[in-house]
Amino acid sequence: MGCTMGKSRIQPNKCDRVSISVPAIRAALLIQRWYRQYVARLEMRRRCTWNIFQSIEYAGEQDQIKLYHFFGFLMDHFTPASSERNLISHIFRENEVCHDADWERYFCYKDIEVPDSYCGPHLTFPMTFCGVSKLMEAFKLKQQQLHARYVLQILGETWRLLRILPNINHVSVCHTKEITICGDLHGQLEDLLLIFYKNGLPSCEKPYIFNGDFVDRGKNSLEILLILFGFLLVYPNEVHLNRGNHEDHIVNLRYGFTKEVLGKYRVHGKKILKLLQKIFSWLPLATVINQKVLVVHGGISDSTDLDMVARIDRHRYVSVLRPPKVIRPTLNGNKAGSGRNEDASGPAEGRRRVRSLTNTSVPGQRNNIPRRSLHNLPTSGAQLNCSVEDELKKRRRLAGFDQTYREMKTLDSDSDPEFGEPTETQGHEWKQIVDLLWSDPTPQNGCFSNEVRGGGCYWGPDVTEEVLGKHNLQLLIRSHECKQDGYEFCHNRRVLTIFSASNYYEVGSNRGAYIRMGHDLVPHFIQYQASRTCRELTLRQSVGWTERSALRALRQQLFVHKSDLIGAFQEFDPNNTGVISLRHWATATERVLKLGLPWRVLRPQLINRAQHGMVDYQQWIRELSITEPKPEVSDTSIMETMYKNHSNLETIFRIIDTDHSGLISFEEFRQTWKLLSSHLKMEISDKAVTDLAQSMDFNKDGSIDINEFMEAFRLVDLSTHA
């Protein structure tokens, strides 16, 4: 009876629970559907934001390489005595001092005294773990910067060590020891310190691979290098550094590392930079783990040959943006430039000349190319630049390699006839390095030129299978691309991208990550955010923060191209109504900016008012929340050129400032604008340039401070102050 009664009580309760749960389930489903839609909208905004950041970044890299192409054209075709050629020729110069003894004397630190007032870390050599720990602690606490004597000492010891390392390091992991692999750091010291905090410092039991791009963009590139070099000196068999595409002094001119070093070490900065050029050229190109995992900064191509890579004289590529220079014998059997010492460790690196990899003409034909000076150019700047583009296109077409760079010549014009052309093998070697440092994977099969970055190639899954199979490898680990989660698999999980600089574009834009790998060669990922602010934000707040930052950057791009945009809009407005459709607005905007963005999706964030699918483009241009500085310059065209080519102009200034003083004369300022106007296919009057120079000579001493000049023309987004 008790059991029966018990059952009779339970049964109605069950029914009650079922009847009550039906609306609850419906409510839960509605909430779930709403939440999924909410997250999907946030993810769409996040991806759109990401596309903006990445498109602007790659457009900047394209500008850098286009400018370098133009400089190469000047070096190839302008008279050696021309002032314009002399302004830029030093950036193409190979090492001025080649003999080891000369290098030792040039970078000698012994005559640099450390004053008693210096309160930073005091280092002893050979470097010890304790010494590197003190260095890290000083950088973490932002104490007085390391004295120049110690900087040169660390760099000198690093150079000596790197010279004995192979192009491809081979490392092993076992049951008792994992290896840690880090991607791009880009001068973000807080990320490196966080990795060491979470994972432990390098040691005999904890080896590390740092996969390039230690410098540029961030504010602490030099500190990162000094820490990594310190650990390399203490643990040369456990710390492995691969070269990245930013370990290149030409790239450093644009992206901040040159400016950082000169700002921190005004007296000895030039020596430090020169030694770093040497060190970058000696960094290994790749690391192989247990003969199965290839770690390289950029990637591969269909012509990648690791056996050839292992034999390359890597130190000859001081800048990867150009092929190496070679020497051919003169009539008396001596080598051109033989009056200079040769490096005991390899081929001569003195005054040498090379033709472009894409130039298929025979050597004798080069002498028939007419040389010119800017003073004798046609009045139209477009004619010069058309010839530049035509020449580049022709040579790319003949070679089938679109990302090759211009042949470079030595400073000494008297030796022009003595310098020969690179062999086919040397051209292939150079291409191997370019592909290793600059390439990106793509989902589609094949291998083709990377026109988005302007360097290296895109390679597909079929190329991955072919190259890994050829060398009996199972995984390729690379960096070079910022990923939202800090890592990303592709090509059937045979290619893995790792990126260690968190908050790369903006706070909250991405997480950093590193890899731990044991004897099973299975990668395990550790993700992090170095910014405490970002860790405290909700998903919606984080997306909103980065979205606003991306839209600010995009509005600046729109503002500096406003004249071109108005012209493009007017093509769709033949009756001059001032109004065009949203479709035409999106088409014209992409035609001008060439960023490959979904403009119609972005329209609500960029256009406040659009009635019946039409845009008042004149009003829209006026409403862009950008203010421009107000220097007293009457020529509006030169002002707009200044904003549009801010980075290119700063790069030229840094090149012309050969003594790294941060100051340039009026004449150098004028020559800078002459170079830029030729590059941009436009005419800028001498009067406009003179007016601009005088307006920026604040203390009236006849020279211009580069940093003050660039800051005066930095755009400010009014929306951030609203």
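The values are calculated or read from the model by the stated rules, or taken from the named source; none is laboratory data. Quick caveat, the model's predicted, so the values are computed rather than measured. Positions of Cβ are generated from backbone atoms using ideal geometry, with glycine treated the same way; all protein chains shown enter the neighbour counts. Each accessible area value is taken on the protein alone, full model and side chains, heavy atoms only, with ligands, DNA and RNA left out. Shrake-Rupley method; radii C 1.70, N 1.55, O 1.52, S 1.80 Å.
If I take every Cα pair under 8 Å that is 6 or more residues apart in the stretch 414-562, average their sequence separation and divide by the length, what percent do I get for the relative contact order?
12 percent
So who's got an amide H within less than 5 Å of the one on V239, skipping anything under 5 residues away but keeping other chains? H placed 1.01 Å off N, in plane.
Result for V239 returns Y208.
Length gain on complete extension for the stretch Q144 to Y38, per 0.36 nm per residue less the alpha carbon to alpha carbon distance?
Stretched fully, the Q144-Y38 segment lengthens by 33.3 nm.
On a 1.4 Å probe surface of the protein chains, which of T128, T158 comes out largest in accessible area, and what is the full order?
Reading off the accessible areas and sorting them downward yields T128, T158.
So, in nm, how far is label S117 from label R266 when the simple model puts each one 7 Å beyond its Cα toward the Cβ?
Here the answer is 1.3 nm between the modelled labels.
What's the local net charge at K470, with K and R +1, D and E -1, over the other residues with C-beta under 14 Å away?
Net local charge, K470 excluded: -4.
By accessible area of protein heavy atoms, probe 1.4 Å, what ranking do E43, E429, E488 get, highest first?
Largest accessible area first, the list is E488, E43, E429.
Label C108 and L539 with points 7 Å out from Cα along Cα→Cβ: what is the distance between them in nm?
6.4 nm
Highest mean first, how do 229-236, 162-169 rank when packing is the count of other Cβ atoms within 10 Å averaged over residues?
229-236, 162-169
What net charge do the residues around E247 carry, taking every other residue with its C-beta under 13 Å from that of E247, with Lys and Arg at +1 and Asp and Glu at -1?
Summing Lys and Arg as +1 and Asp and Glu as -1 gives -1.
Can you flag which of K562/K687; K142/K259; K206/K270; K134/K264; K198/K278; K198/K274 are past 27 Å Cα-Cα?
Too far apart for the 27 Å limit: K206/K270; K198/K278; K198/K274.
Leaving ligands, DNA and RNA out of it, rank F448, F257 by accessible area with a 1.4 Å probe, largest first.
Ranked from most to least accessible, the order is F448, F257.
Tabulate in residue order the Karplus-calculated ³J(HN,Hα) for the stretch 577-584, using 6.51 cos²θ - 1.76 cosθ + 1.60 with θ = phi - 60°, rounded to whole Hz; enter x for Gly and Pro.
7, x, 10, 9, 6, 4, 5, 5
Loop only per DSSP, at most 12 neighbouring Cβ atoms within 10 Å: give me the trypsin sites (Lys or Arg not before Pro) in the stretch 538-598, ordered by residue number.
For trypsin sites (Lys or Arg not before Pro) across the stretch 538-598 that sit outside H, G, I, E and B with at most 12 neighbouring Cβ atoms in 10 Å, the list reads K594.
Which value, in Å² rounded to 10, gives the accessible area of K177 with a 1.4 Å probe and all protein chains present?
50 Å²
Counting only other residues whose beta carbon sits under 12 Å from that of A513, what net charge do I get with K and R as +1, D and E as -1?
0
Report the relative contact order of the stretch 550-599, percent, no decimals, based on alpha-carbon pairs under 8 angstrom and at least 6 residues apart.
Over the stretch 550-599, the number comes to 35 percent.
Under a plain spin-label model, where a point goes 7 Å from the Cα along Cα-to-Cβ, how far apart in nm are E466 and K134?
Rounded to a tenth, the inter-label distance reads 5.5 nm.
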